[in-house]
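The values are calculated or read from the model by the stated rules, or taken from the named source; none is laboratory data. Remember, predicted model here, so these are calculated numbers, not experimental data. All Cβ positions, glycine included, derive from the backbone under ideal geometry; neighbour counts span all protein chains shown.
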Amino acid sequence: MRTLKNFMLLIMTVSLVTLTSCKSDDDGGGGGNAPSGTLTAKVDGANFQSLDISSSATVANNGQNLIIIASSTDANAFAITIVGYSGPGTYPLGGGANIFNVASYTETDVDLSNPQNSTTEIWQAPYNDTQVGEINISEETDTKVIGTFNFTGKNVNGDQSEKTITDGSFNLNKQVQ
């Protein structure tokens, strides 16, 4: 439970950062193939699909941040934050000291017989100053945010293992705060 609280604190902290990030000039590419209301990806080649009820894209901080949260039935989740969001385009994950976009993939192993023995592992990007992926926003409407993503994440607080996230796609309901 403490790890989950720390994870949520990390997400809230990152979302409150108001510094701007670099954005390339392209249009964000194609929208991918995620069903409406979900996020899909391959995690080291294994399929991931979130639930509609636990997936959203929130535009916050007067439109300057985009926060994507998506979880699945097996207690795994993605969290993506774009700082300096300005609509459709390509946003790098890493690649310099002034880029604050982050993404993470979380696996939670719930021990139903003793919930305090549950464990959570988080693979985050970036984990150094190189570009390890990107988020492409292809479309934003009053009700939806659609795009694609890929990254390599590192379990920096655990075993230092890496996970490769490919074919990431989202078609999420949009909230504004």
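Close Cβ contacts (under 9 Å, 6 or more residues apart or on different chains) running from residues in the range 114-135 that are farther than 21 Å from GLY95 by Cα and in contact (Cβ under 8 Å) with a residue 40 or more places away in the chain to residues that are in a loop (DSSP other than H, G, I, E, B) and not β-branched (Val, Ile, Thr) comprise PRO115/MET1; GLN116/MET1; SER118/MET1; SER118/ALA75; SER118/ASP111; SER118/LEU112; THR119/ASP111; THR120/ALA75. Restricting attention to the range 145-177, the residues that are polar (S, T, N, Q), more than 19 Å from ILE67 (Cα to Cα) and part of a loop (DSSP other than H, G, I, E, B) add up to 4. In the set (1) of a type in the set (A, V, I, L, M, F, W, C); (2) at pLDDT below 95; (3) touching a Leu at 6+ places or on another chain (Cβ under 8 Å), ALA103 fails one condition alone, (2).
Within the range 73-84, restricting attention to residues that are among the small types (Gly, Ala, Ser) and in contact with a strand residue (DSSP E or B) (Cβ under 6 Å, 6 or more places away or on another chain), the residue that is farthest from ILE146 (Cα to Cα) is ALA75.
Restrict the check to the range 53-62 and report whether at least one residue is free of Cβ contacts under 8 Å to residues at least 24 places away in the same chain and at positive phi.
Of the residues in the range 53-62, the ones free of Cβ contacts under 8 Å to residues at least 24 places away in the same chain are 53-54, 62.
Among the residues that remain, those that are also at positive phi are: 62.
So far as the range 53-62 goes, yes, one or more of its residues are free of Cβ contacts under 8 Å to residues at least 24 places away in the same chain and at positive phi.
Tallying residues that are closer than 15 Å to THR152 by Cα and either of a type in the set (A, V, I, L, M, F, W, C) or surrounded by fewer than 18 Cβ atoms within 10 Å (Cβ to Cβ) (or both) within the range 78-106 yields 7.
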